[in-house]
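Comments concern the structure below.
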Amino acid sequence: KIYFLWFGQMLSWTGSQMSFFGLGVWIFELTGNATALSSILFTVAIVGTLTGPFGGVVADRFPRKRVIIVFDGIILLVMGFIGYLAFNDQLTVSKLIPFAIAFGIFEIAHWSTWQAFLGDVVKKENLTKAAALFESAGAISMLLGPIGGALIYATSGLVGVIVVDAITFFIGITSIIFIKTPPFEKRDRITFRNVLLDLKEGFLWVKNQKGLRTLVTIFAISNFAHGMISTILTPLVLNFADEKALGLVNSTFGVMFLLGSAISVRISKKIQGNMNYVLLCGIFMSLAMMFGSIRPSVFVLITWIAIEGLCGTIQYTISSGAWLTLTDEKIRGRAMAFRGTIAQSLRPVGILIAGPLGDYLEFDIYDKYRNILEPFFGTGNGRGYAIVLFLGGLLLLIVYGLNFKNKNLINLQTQVEESIKS
């Protein structure tokens, strides 16, 4: 049943990746700049960050399987409305904003509930392996989503992409229905005071976990850089190539994500809780980002994305295993929600500044200082966006390098090992 769940979620997540890809291309084709895409992504990110802890409260107060199904259904309705507007030529960037708000609320809540649900149905000693297994489902979706999204978008437009997303949604829901979950212990009724107490309890738990708190803070800075990069990647590629090349670049991440997941499954016992691997992967990722900025080349970008996908998957697998191992069933939903909130807290800032910063570097700074910048970043359109990629890599190189002797991370590794033994 776990493998059937894996298969269903893999298809559902692939459909979602197709929709995200199609929306990104549609926005850029309509506006021709990164600022509009940045504003939509920022809306999703900031709303999700602010409301994430409340999703954790819901995940701890109601049967998690039921919560996932409801949240997924709401996300399907949101995408259905977008498809309806697109079909009738009524969709605009401004009309996407309320949908982005709804998506931010329920998508983030879905993921914190999903992670808590996984902790409910898998034994503690297998949590890192299970995290790696479902990372592979995400990897396949990132591989097939951009390629499939590009092909369907080219023939059927945004509406066709959303229709495929809806079909895969029902397969994903079917797979989760058959999973047996532990008996749910009912709690006292929801009141404003009880919700605040739940939030306080979850916050204090995370606050007292120094190792996990340090780890998630590092990831928050990493997500700031990746927020910038995810925003400028589409204009960076489309300024010297087409949407098929963009799909190829994005799908490379999926291939290496899948490879990283397969490796993580095989060596899950060895990497379980090992923070040195997290930091080493971060160093490789940051150097790859800086390399990806040097030339307007699909090959160069694929090389960066390949390293990013492989190392990022191993990083995330170790982190997820540590969090799931150290949380118990009653606090897990809120703990994973606060984890997501903290980790994503700086991402909206990165998304917000990436569009205007990238456009400024592209249309103002690069032309003015072309003689100085071209030897480092190459010639042609889109090289101003490449500078954003370089700056993100430089920031992460500093952050990961400074944390190799962090005592909190060393203690966290010991905590995970002792928790599994006990």
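The values are calculated or read from the model by the stated rules, or taken from the named source; none is laboratory data. Because the structure is a prediction, the values reported are computed rather than measured. Positions of Cβ are generated from backbone atoms using ideal geometry, with glycine treated the same way; all protein chains shown enter the neighbour counts. The area values use the complete protein model at the heavy-atom level, side chains included, leaving out ligands, DNA and RNA. Shrake-Rupley method; radii C 1.70, N 1.55, O 1.52, S 1.80 Å.
Going 7 Å from the Cα of GLU417 in the Cα-to-Cβ direction, what parts of segment 120-143 have a backbone nitrogen less than 16 Å from that spot? Once the point is set 7 Å along Cα→Cβ of GLU417, nothing inside segment 120-143 turns out to lie under 16 Å by backbone N.
In whole percent, and with a 1.4 Å probe on the protein chains, what portion of the accessible area of segment 18-104 is carbon and sulfur?
Details: 2670 of 3600 Å².
Ligands and nucleic acids excluded, carbon and sulfur give 74 percent.
Can you tell me the FRET efficiency between ILE69 and THR191 if r is taken as the Cβ-Cβ distance and R0 is 41 Å, rounded to the nearest 0.05?
On the way: r = 25 Å, r/R0 = 0.61.
Plugging the Cβ-Cβ distance into 1/(1 + (r/R0)^6) gives 0.95.
Extension gain for SER297-ALA102 works out to 66.5 nm (0.36 nm per residue, less the C-alpha to C-alpha distance). Using the Cβ-Cβ distance between ASN406 and LYS270 with R0 set to 25 Å, the FRET efficiency from 1/(1 + (r/R0)^6) comes to roughly 0.75. A simple spin-label model places the labels of THR92 and ILE372 4.1 nm from each other, with each point 7 Å out along Cα-to-Cβ.
At 222 nm, what helix-only mean residue ellipticity would the chain give, in deg cm²/dmol to the nearest 500, using -39500 (n - 2.57) for each DSSP H run of four or more? Present the calculation step by step, with values, prior to reporting the outcome.
Details: 16 runs with 353 residues, N = 422.
Dividing the helical sum by the residues of the chain leaves -29000 deg cm²/dmol.
Per residue, how much accessible area does the chain have with a 1.4 Å probe, in Å²?
On the way: 18250 Å² over 422 residues.
Per residue, the chain has an accessible area of 43 Å².
With an 8 Å Cα cut-off and a minimum separation of 6 or more residues, compute the relative contact order for the chain in percent. Walk me through the numbers on the way to the answer.
Details: 725 pairs, mean separation 122.1, N = 422.
Relative CO of the chain lands at 29 percent.
State the percentage of accessible surface on segment 262-388 attributable to carbon and sulfur atoms; use a 1.4 Å probe and exclude ligands, DNA and RNA.
Values: 3320 of 4980 Å².
With neighbouring chains kept in place, the figure for segment 262-388 is 67 percent.
What the phi angles of segment 4-14 give under the Karplus curve with 6.51, -1.76 and 1.60, with θ = phi - 60°, is a coupling list of 5, 4, 4, 5, x, 5, 4, 5, 4, 5, 5 Hz, glycine and proline written as x. The Kirkwood hydrodynamic radius of segment 75-232, based on inverse pair distances between different Cα atoms, is 19.4 Å. Once the chain from LYS210 to THR181 is taken as fully extended at 0.36 nm per residue, the excess over their C-alpha distance is 7.4 nm.
Charges at C-beta only: +1 for Lys and Arg, -1 for Asp and Glu. How large is the resulting dipole of the chain about its Cα centre, in Debye rounded to 20?
On the way: 34 positive and 25 negative charges, 326 e Å.
Roughly 1560 debye, rounded to the nearest 20.
Computed from phi, the 3J(HN,Hα) profile of segment 157-173 under the Karplus parametrisation 6.51, -1.76, 1.60 (θ = phi - 60°) reads x, 5, 4, x, 5, 5, 4, 5, 4, 5, 5, 5, 4, 5, 5, x, 5 Hz, with x in place of Gly and Pro.
For segment 248-279, list residues with backbone N below 18 Å from a point placed 7 Å from the Cα of LYS124 toward its Cβ? What the label zone holds, given the 18 Å backbone N cut-off, is 269-270, 272-274.
For segment 313-422, with only Lys/Arg (+1) and Asp/Glu (-1) charged at the beta-carbon, what is the dipole magnitude about the Cα centre, in debye rounded to 20?
On the way: 11 positive and 9 negative charges, 76 e Å.
Approximately 360 debye in magnitude.
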